[in-house]
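So the structure is just underneath, and the comments pick up after that.
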Amino acid sequence: MPKSRIFSKLILLGAFFMTLSVVGQVTYSDTFSSVSYGNNDGSNSFSGNWVETNETTSPSGGRILINSNQLRFQNMDNRSIARSLDLSAAVSATLTLDFNRTNGNESILVQLWDGSSYNTVATLAGSGSVNYNLAANEMSAASSIRFITGSGNWGSSETIFVDNVLFTAIVSPAISIDDVTVDEAAGTATFTATHVGLNAAGPFTVNYQTADITATAGSDYTAILGGVLNFNGTVGDTEQITVSITDDAIFEASETYSIQLTGTSDPSVDISNTGTGTITDNEVVLGNTPLTLFREFDGYMDYTSTAGTLRTQPNTGNPCAITTASSNTLSAPIPAGATIEAAYLYWSHSGANMDSQVTFEGNTVDGNVAYTTSILGLSFYGFFSDVTSIVQGLPNPSTNVYDFSGLTIDNTGNYCSYNVVLGGWALMIFYSDTSLPASTINLYQGFDGNQNSSSTFSLSGFYAIGSAGSKTTALSWEGDQTLANNESLQFTTPLSGTNLLVGDGDNDGITANNPFNSTHFDNTVLPNVNNTASHGVDLDTYDVSAFILPGETSATTQVNVGQDYVIMNAVVLKVPSNLITGRVFEDVNYGGGAGRNYVAASGVGVSGATVELYDSVGTLVDTQTTDASGIYVFAGMVNGTYSVRVVNETVTSSRPGGAGCGDCFPIQTFRTDYIASTIIERPNEVGGADPTATDPGTGVLAGAQSVGSVTIANEGAAGLDFGFNFNTIVNTNIDGQGSLEQFIINSNELGETGLDIVANAIFDPGSGEDTSIFMIPPTGDALGRTADVNYTGSYFTITLTAGDQFSKITGDNTHIDGRTQTAYSGDTNSGTAGAGGTNVGVGAIALPNFERPEIQIYEREGDPITIEGNNFVLSNTAVYSDARSAVLVDGGTASLYSNFIGVGADGLATANLDHGIEIKDGTMLIDGNYITLNKDAGILVDGGTTTIIQDNHITTNGDSPCDDNIQIFNGSGITIQRNLIEAATGLGIDSDGISGNLTITENTITTSGQDGGTCGGDIENAGIRLHGDNSSITNNIITANGGAGIVVAGGNTSGNLISQNSIYANGTTVDALGIDIDNSNGIGDGVTLNENGYTDNGPNGSLNFPIITAAYMSGSNLVIKGWARPGATIEVFLTDINEGTATAGDNQLGFSTDYGEGQTYLGTVVEGSGADLDAGSSSYTDVDGNTDNTNRFHFSFAIPPMATMGDFITATATLGNSTSEFSPMSILKVQTVITNRKITYRVNQN
């Protein structure tokens, strides 16, 4: 029979619309058209094949199979079949299918996976169709359909057919995130986010964050807020999310958190999917565990304890009766003002399932360690948890009533009938107080259930200085008062022998030896605590002072148990002992001078530092490691003299990056001795015992840098502190501890958070500035240290020999500042170099004084200071070398202040380097430096985004004709201002080949061209050679250079403004112009005559200079007339001949008159402006060949005070910021119609 006659088929047609969204329809279909469980008849494929349960797995055999192009079910008791599909991109989805029961009365359930279980959505009985709209939790990457029997006891011939299984999904672009399960020891969990559904319109971003489910961010994993994923818009693109997992020590069930998608740049993308992360626990439950030493406390220490039971009656009553909560106070008080060092909570219970979580003082507490033991097939569990923070947070831990609840106890079955119901808790608190005697306390811990056995616990490594306060405590579970066979607690010392510990309950040592008798006991306090109703819990503290004699060095507690099943959990032993303790701290913000103690320094304790104890003959006695507060403790030594040493290489910085920096190395700033029971501070050993030495490794006392001396006699020596700093430089070594190189390494690796170095006598380092603290000892050192061998009596020299080089400066905010040495040891290198105080530029701005520094740095192979980091500062040093550069800027941002570059600290020539400063990349400020005697250039700019050169004296650089004071080959944002630039062998400023955009202002540029030789056929002797476009040269004094003042060259350029400069007396070697527009692209080609037309080529477009036809005084006004290009800005100057700095003919260059130079600026007018009294134009030609047909101008303005009749004037024209050469010289006269030279002109007909 045709299928169309058996089945009534349903076709679902739908429409889905979403504004501004990209959506589409996909189908997952199986029409069972072939005998295969892998048919995919829709637009998309299922995630896998049909999977049978309790069946043959064959599509052609068994009770579930494919027959007649349908899925047949026959006699399907206890069988099922399922298939998965990915609906994570679905906005909505519908399931349709057809069914037909051909025999019997059984039914089949249609189920869909909802994320946690299968949910029944339809029952197939009889014949018909299913049409079901899926719920949101049924659409995921793990969607699944399952057919399972809906009835029981199928007959062998009962049959149901299913056909045309079809999922129709409306999909959009979507992001699907997988679920990830990791063990908490994995370190990270990596989720994959996948673009599913449809392609997006283009690339898009998705924001994500983590969220707690049962896991807690901060303790179980590291939260992510504001994460961003970048997708390319194509289906299948994946991005990964990595979450850091915390491996804690808590016993806990698996915990979960989620990855939530919080936003997207493409609203059409569905981001409703979430990923679930599961963290599985990796803690191990320890079996029957003998007690071992868990922790040793040494110091001015004591402890107290309390306990409670959740049983309410003894074995002689109802041994199964329990309660839900218990409370108690401490058996001994804690002194007021004492510091809680540790608090440990123990609990134990009967039951087959452990309860590792309880409530203590209203807080949920998880077990850090779990134990188990058993007897007669019955299990018992014990737990330990560090509750120090809870106890520390109590207003008064001494008087507090401690509350305990939330423990599950099995008091049924054999636990009850065998009288072994157990549920109880104990608390031990360890505290310190300077009023206490020095003591050693050992805590032993385990979970050891035994009958008829013996255990011993020994305390050694102490030297008893008395007996008062000696005590021992035993914590055990399940001891019965009614069972006392062969039980005892014994305490043995070499001098006192063996003694029984008695007094708790009926344990008198005479009529009964029954220490495990469900008693809470403490006879170290008055009145004694002796609670015999602590059912199943034994916490007994015994005064053993009568059994400890001075000079004892060991003690043993022996535990003997007999018929009674006893679970030993903890034993504590305390004995007064000799003690040495102190703190290793970082003086983060030390600013120089005498070292500071922990309080004055606001010190930060250094954890993990190695501290060694040596006896009087230098033998290593003990090694300790500082705790989280930087505290170390040595205890148990005999009376005598000792050396306490801090291994410097183990001292880490508290600054960001410090914990993981294996190359960071501090110097000592402070230490102490202990002499005659008194702490003696030693603040003067800055740099350690020998500032030039490096502290050796562990186990070596000889040559150690940080050693304190202690003489101890029956006492505790506290406060033996050591301070360290990571910024201080105490020697001139090439590298190693206390060197400049070590400071650079430290600064590269350590962050600046919290850094705010204290002010010195000269300046106050800013917050976050990682400033070098130079503390190198000079002759007569104020701290009494031996003078550094490289101190000359005036300054210190740090010399890098061949093959040595400082590390590149890659960290941020590094400041190498020589002023810190001056602040400490004084101005030992007094005096100045260079031309400090000289006025420069038209504005007569005074240069700073160039003070001689106390630190000089010399490297034989060049580039001693290489910069790649941000916000670097080099200040008040002298830097020079025999090759390459003194300072190389390879990236980042840097500033150089008040340095001598190219010479030593005395300002004299000492080396042979190429460039004083070389800039390849980054941002640079060169301010207030004395830069001289560098071979190729004082400053080479060959890159970078911003370079500012200001307030420097740049002089006498170069040793050949091609060498300059400043060479500019590349870079952008270059400003040169307020400098004295003089005596270059070649050019003062050379910008040969650059694209332009220089700013040169308020400088004095003089005496360039000292060599006089040729460079590529040219004599380079100009003040400035300018190439490129759009530069600005303003307000400079440019004088007495061997060639032209300014040469504008480089081909067809424009936009180079030359304005209001004082240019005079140039051409000292050979006659030259003040401004030379050089069309030959050389170093000056003489006068560029005016030409007719407006499209001239060449530098600055070879703009025509103005022609002045008349210049005279009329009353109080100065009148000038002539020709200039339309709209030209005309600047008028008095010439250098007029001012007496040059003589007539110096700038004639073979023509009829002198051209320029303009020394004194008189004023500015603009052709064609409202002030221009002549709107006409005409042509002109003069005897030198200057010619043009252009606009005339006529201006009348107030006579400048410096202008008088008979003065010689010149002018420049600027158009579109392109400036011309100076015009031919003119003479100021009284009002006549007279020109200064022979000019013929023609008035335009218009």
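The values are calculated or read from the model by the stated rules, or taken from the named source; none is laboratory data. What you see is a predicted model, and the numbers here were worked out from it, not measured in a lab. We place every Cβ from the backbone using ideal geometry, glycine too, and count neighbours over all the protein chains shown.
Could you say which residue among SER1008, SER972 is at pLDDT 95 or above, buried (at least 23 other Cβ atoms within 10 Å of the Cβ) and either touching a helix residue (DSSP H, G or I) at 6+ places or on another chain (Cβ under 7 Å) or not aromatic (Phe, Trp, Tyr) (or both)?
SER1008
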Checklist entry - Restricted to the stretch 448-502, and to residues that are hydrophobic (A, V, I, L, M, F, W, C) and under 12 Å from GLN558 (Cβ atoms), which residue is surrounded by the fewest Cβ atoms within 10 Å (Cβ to Cβ)? => result LEU500
Next on the checklist: Is it the case, given these coordinates, that GLY1082 is of a type outside the set (Phe, Trp, Tyr) and at positive phi?
Outcome noted: no
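Okay, residues lined up against (1) surrounded by 19 or more Cβ atoms within 10 Å (Cβ to Cβ); (2) aliphatic (A, V, I, L, M):
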{"residue": "VAL941", "(1), (2)": "yes, yes"}
{"residue": "THR945", "(1), (2)": "no, no"}
{"residue": "ASN952", "(1), (2)": "yes, no"}
{"residue": "ASP963", "(1), (2)": "yes, no"}
{"residue": "ASN979", "(1), (2)": "yes, no"}
{"residue": "GLY988", "(1), (2)": "yes, no"}
Checklist entry - Going through the stretch 909-950 one residue at a time, which ones are touching a residue at least 40 places away in the same chain (Cβ under 8 Å), in a loop (DSSP other than H, G, I, E, B) and out of contact with any Phe, Trp or Tyr (no Cβ under 9 Å at 6 or more places or on another chain)? => result ASP914, GLY944
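I'd like the full set of residues that are under 30 Å from ASN315 (Cα atoms) and either touching a residue at least 60 places away in the same chain (Cβ under 8 Å) or touching a strand residue (DSSP E or B) at 6+ places or on another chain (Cβ under 6 Å) (or both), limited to the stretch 386-411. If you could, list the steps in order and put the result at the bottom.
Step one: list which residues in the stretch 386-411 are under 30 Å from ASN315 (Cα atoms), which gives 401-411.
VAL401, TYR402, ASP403, PHE404, SER405, GLY406, LEU407, ILE409, ASP410, ASN411 - these are the residues of the stretch 386-411 that are under 30 Å from ASN315 (Cα atoms) and either touching a residue at least 60 places away in the same chain (Cβ under 8 Å) or touching a strand residue (DSSP E or B) at 6+ places or on another chain (Cβ under 6 Å) (or both).
Yes/no matrix, rows are residues, columns are (1) in contact with a strand residue (DSSP E or B) (Cβ under 8 Å, 6 or more places away or on another chain); (2) of a type in the set (Phe, Trp, Tyr):
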position	(1), (2)
TYR415	yes, yes
ASN419	no, no
SER435	no, no
GLY466	yes, no
GLU487	yes, no
Checklist entry - Given the stretch 307-387, what strands (runs of 3 or more DSSP E) lie entirely inside it while holding 2 or more residues that are in the same structural domain as SER398 (by TED's automatic domain parsing) and within 21 Å of LEU286 (Cα to Cα)? => result 339-350, 357-360, 363-366, 369-375, 378-386
Item to check | Matching residues, the stretch 1063-1077, being buried (at least 24 other Cβ atoms within 10 Å of the Cβ) and either assigned to a strand (DSSP E or B) or touching a strand residue (DSSP E or B) at 6+ places or on another chain (Cβ under 7 Å) (or both) | outcome: ILE1063, TYR1064, ASN1066, LEU1073, GLY1074, ILE1075, ASP1076, ILE1077
Checklist entry - Identify, please: which residue in the stretch 700-729 is modelled with pLDDT of 95 or more, part of a loop (DSSP other than H, G, I, E, B) and more than 34 Å from the chain's Cα centre (by Cα) and is, among those, nearest to VAL789 (Cα to Cα)? => result GLY703
Checklist entry - In the stretch 634-659, how many are within 38 Å of the chain's Cα centre (by Cα), buried (at least 24 other Cβ atoms within 10 Å of the Cβ) and farther than 18 Å from ILE745 by Cβ? => result 4
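Scan the stretch 557-566 residue by residue and report those that are touching a Leu at 6+ places or on another chain (Cβ under 8 Å) and of a type outside the set (D, E, K, R).
THR557, GLN558, VAL559, ASN560, GLY562, GLN563
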Item to check | Candidate set from the stretch 592-643 (those that are polar (S, T, N, Q) and in a loop (DSSP other than H, G, I, E, B)); member that is nearest to ILE757 (Cα to Cα) | outcome: SER602
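Looking at the stretch 1181-1210, which of its residues are within 21 Å of ASN1097 (Cα to Cα) and either in contact with a Ser or Thr (Cβ under 6 Å, 6 or more places away or on another chain) or assigned to a strand (DSSP E or B) (or both)?
Residues satisfying the conditions are THR1181, ASP1184, THR1187, ASP1188, ASN1189, THR1190, ASN1191.
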Checklist entry - So which residues in the stretch 231-261 are under 22 Å from ASP355 (Cα atoms) and assigned to a strand (DSSP E or B)? => result GLU255, THR256
Checklist outcome for this item: Scanning the stretch 808-828 residue by residue, those assigned to a loop (DSSP other than H, G, I, E, B), surrounded by fewer than 24 Cβ atoms within 10 Å (Cβ to Cβ) and not hydroxyl-bearing (Ser, Thr, Tyr) turn out to be LYS808, ASP812, ASN813, GLY826, ASP827
Checklist entry - Out of curiosity, is THR732 in a loop (DSSP other than H, G, I, E, B), free of Cβ contacts under 8 Å to residues at least 40 places away in the same chain and farther than 30 Å from LEU613 by Cα? => result no
Next on the checklist: Restricting to the stretch 413-460, name every residue that is of a type in the set (Asp, Glu) and closer than 20 Å to TYR300 by Cβ.
Outcome noted: ASP433
Item to check | Residues (part of a strand (DSSP E or B), buried (at least 24 other Cβ atoms within 10 Å of the Cβ) and of a type in the set (A, V, I, L, M)) located in the stretch 1018-1056 | outcome: ILE1024, LEU1026, ILE1033, ILE1037, ILE1038, ILE1046, VAL1047, VAL1048
Item to check | Candidate set: the stretch 24-80, residues that are in contact (Cβ under 8 Å) with a residue 40 or more places away in the chain and charged (D, E, K, R); chosen: the one nearest to SER127 (Cα to Cα) | outcome: ARG72
Item to check | Residue among THR532, THR626, THR541 that alone is assigned by TED's automatic domain parsing to the domain that holds THR306, touching a residue at least 12 places away in the same chain (Cβ under 8 Å) and farther than 30 Å from LEU495 by Cβ | outcome: THR532
